[in-house]
Structure formats: C-alpha cells, structure tokens
Amino acid sequence: MFTVTTVNLTSDTTGADSSIGAAELGPLSAAEFTALLGRFQQLEARQNHDADPHILVTASAGRFLIRTGQGKLLLYNARDTTEPYSELSASEIAVQLDRPLTAPLPTATESVATAPKPAPHYAIAFAILVAGLGLNAYTLYSVFYMESVNIAPAVVLLTDPAELAARGRDAVGSYATGGLPGDRVISVTADGKIRFFELGGKDDMTHNTDTFKLGRHNKKFCLLTADSGVVQIVNPDTLLYYRDTYRRTK
C-alpha cells in the first residue's frame with residue numbers, strides 16, 4: 001500500500017494551485033497510485049511552475065517526494081531532496097517504492113551476542129599512549145587540512161552521448177527569479193550558450209553571455225560555465241545559482 005499526501009494539487013491531481021496546501025489521501029493500492037501519478041504528470045506547465053505541486057508518499061521502501069516537469073515524473077528521497085533525482089515512469093515508481101527494505105535491524109539476541117568484551121586493565125596504559133600519539137597526529141593534520149578546506153569539489157563532466165542529449169534537452173529554456181524589473185534571468189540555448197541578465201536592465205553590466213558544459217557537482221547535475229561558475233540543476237524546471245532559485249518561464 002502507498003500512503004499519499006498531495007501538496008497544492010486538486011483532489012483528482014489534474015490541477016494545481018498554491019492556495020490548496022496539503023491534503024492526505026490515505027492508503028492507495030498500486031493501481032490507484034499508478035493512475036494518480038499518470039494524471040499528475042500531465043499537469044499544465046504554467047500551473048506546475050506557479051504552484052510548485054508535489055506528492056509525498058510513504059511505502060515499503062521509505063518516504064519519497066515526487067515532482068513533475070515536461071511530462072516527466074521525478075522521484076526524490078523525501079529526507080534529503082538535495083540528492084540526485086530519478087526520472088521514472090508511473091509504473092516504475094510504484095514497483096520501486098513497493099520493494100521491502102533490505103537491511104533489517106539486528107535483534108536483541110544478536111546485539112548481545114556480538115557486543116564487545118570489556119578491555120582488561122592492562123590495556124588502559126596502552127590506550128593513553130595511543131591517545132597521546134593521536135593528538136600529535138591531529139595537530140599536524142589540522143595544519144595541512146586548513147589549506148584545502150575551502151577548495152570546492154570538482155565538476156565531473158558528462159561523457160555519455162545519450163545522457164548528454166537528454167540532459168541538454170531538459171536544460172534548454174529560460175528561468176527567472178521573478179517577473180518584476182530587477183529580477184534575474186538565465187537563458188540556456190541548445191548551442192551551448194548561457195545568458196545572464198536582469199529584467200529591465202539596459203546596460204552591459206546587467207547582461208552576460210557565456211558557454212557551458214554539462215556535468216555533475218556533488219552528485220548533482222549542473223551547468224559548468226567558462227567564466228560564470230556553476231549553475232546547479234535542481235530539476236528540469238528549477239536552477240540554483242549563487243543561492244538564488246530560478247524557475248522555468250518557458
């Protein structure tokens with residue numbers, strides 16, 4: 001069974017509005033859940049952009065969050081939505097979530113049987129010696145660690161042709177922080193160009209055109225630009241750039 005809560009969705013999951021809020025649908029069968037997802041992925045793009053609708057589901061495999069974009073279903077770990085999402089069909093999601101957890105907790109008997117035995121008294125002196133050596137090693141480590149702590153993780157470029165084509169198609173479009181003068185816009189084109197500008201901006205300081213390559217940064221898909229840094233792809237309708245969220249406008 002699937003315990004489902006919808007957010008900003010109508011009861012039949014065919015419409016979205018930010019004023020609706022959360023609604024608990026309770027337990028659904030696999031067939032009911034698959035049908036619900038099928039309707040959800042057909043959501044009109046403008047409603048999807050404006051209302052940010054999503055589905056929370058608890059099943060045998062855990063708790064998950066599902067979004068949609070461009071007719072696709074995107075599956076996230078609800079406990080950490082910064083992890084990379086999986087793009088699956090409605091039936092694939094139902095099968096994936098209905099699988100049981102594979103790592104059961106140890107029983108009380110097993111815990112007692114494998115508990116470590118207390119250390120003999122003569123080991124205390126040895127432990128003090130090890131602690132002293134460890135303190136010296138940590139002091140040296142701290143000196144060298146400070147030199148590298150601020151180095152950002154490297155971006156790993158995508159090389160698989162099929163993945164490059166799919167992610168490239170998903171990224172193409174315009175994204176904005178809002179619709180008022182002064183809001184910022186990112187425009188991504190199929191020829192590998194990316195443009196940054198402000199709505200209403202008239203001078204060159206508010207316009208910048210760069211090139212990009214597709215990659216992964218901290219296991220997340222991203223656009224690696226030549227001069228403008230890394231643009232994180234949160235999902236097909238959302239970009240994150242210098243902590244600002246850009247929503248797809250077209």
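Here is how the numbers come out for the structure above:
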read-out	value
Test: residue in the range 47-55 that is β-branched (Val, Ile, Thr) and at pLDDT 90 or above	yes
Strands (runs of 3 or more DSSP E) (entirely within the range 169-250) containing at least 1 residues that are loosely packed, with under 14 Cβ neighbours inside 10 Å	193-198, 207-217, 244-248
Members of the range 1-11 that are free of Cβ contacts under 8 Å to residues at least 60 places away in the same chain and part of a strand (DSSP E or B)	Thr3, Val4, Thr5, Thr6, Val7, Leu9
Top-ranked residue in the range 27-47 [being hydrophobic (A, V, I, L, M, F, W, C) and more than 21 Å from the chain's Cα centre (by Cα); ranked as surrounded by the most Cβ atoms within 10 Å (Cβ to Cβ)]	Phe33
Subset of the range 48-70 [surrounded by fewer than 18 Cβ atoms within 10 Å (Cβ to Cβ) and of a type in the set (Lys, Arg)]	Arg63
The listed residue being small (Gly, Ala, Ser) and closer than 24 Å to His217 by Cβ, out of Ala59, Ala78, Ala51, Ala45	Ala78
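Conditions (1) in contact with a Leu (Cβ under 8 Å, 6 or more places away or on another chain); (2) within 25 Å of Asp170 (Cβ to Cβ); (3) in a strand (DSSP E or B); (4) not assigned by TED's automatic domain parsing to the domain that holds Thr238, marked per residue:
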| residue | (1), (2), (3), (4) |
| --- | --- |
| Thr13 | yes, yes, no, yes |
| Ser19 | no, no, no, yes |
| Ala23 | yes, no, yes, yes |
| Gly26 | no, no, yes, yes |
| Arg46 | no, yes, no, yes |
| Asp50 | no, yes, no, yes |
| Ile55 | yes, yes, yes, yes |
| Ile66 | yes, yes, yes, yes |
| Tyr76 | yes, yes, yes, yes |
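The values are calculated or read from the model by the stated rules, or taken from the named source; none is laboratory data. Keep in mind that what you see is a predicted model, and the values were worked out from it rather than measured. Don't worry about glycine lacking a Cβ; one is built from the backbone with ideal geometry, like all the others, and counts go over all protein chains shown.
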